[in-house]
Amino acid sequence: MPHIAMPCDAAVFFVFECGENDYSSLPSRRQFLRNYAGGRPLSLALLRSAWAACKQHEAAAERGLLFDRSANEPAVSEKGLDSLAPLSGLGGSHNGEVLRSGVARMLLLPC
């Protein structure tokens, strides 16, 4: 039976890739699906389960990149806020103070 396993797997992969509306073939995705199958003969049900797991894996990776990116951003400093004071358009000598207190309130709001 091994001599027909590869053509059958290729045929199932072809049908899956043509039939899934939200799937686009990428080498990393194909590898994920094959790893998920773990050497078992491919079926549409197995590939659909693998695709659902792949989407969850990709979403988790994107969230991880988002949180890593925000952790590397510098913290807001008062000196940085003072440089924005002329942009506030409030006039007067307490631009920086008003801007600092407003930003401080926004940073302390619960999510």
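For segment 47-59, indicate whether the set of residues that are among the small types (Gly, Ala, Ser) and modelled with pLDDT under 95 is non-empty. First the steps, then the outcome.
Quick first cut of segment 47-59, residues among the small types (Gly, Ala, Ser) only: 49-50, 52-53, 59.
Still in the list and also modelled with pLDDT under 95: 59.
Taking every residue of segment 47-59 in turn, at least one turns out to be among the small types (Gly, Ala, Ser) and modelled with pLDDT under 95.
With the checklist (1) part of a helix (DSSP H, G or I); (2) surrounded by 12 or more Cβ atoms within 10 Å (Cβ to Cβ) in hand, flag the one item residue 42 doesn't pass.
(1)
Are any residues in segment 14-25 surrounded by 11 or more Cβ atoms within 10 Å (Cβ to Cβ) and within 20 Å of residue 58 (Cα to Cα), and if so, which ones?
Residues satisfying the conditions are 16, 17, 20, 23, 25.
The values are calculated or read from the model by the stated rules, or taken from the named source; none is laboratory data. Just so we're clear, the structure is a prediction, and the values are computed from it rather than from any experiment. Backbone-built Cβ (ideal geometry, glycine too); neighbour counts: all protein chains shown.
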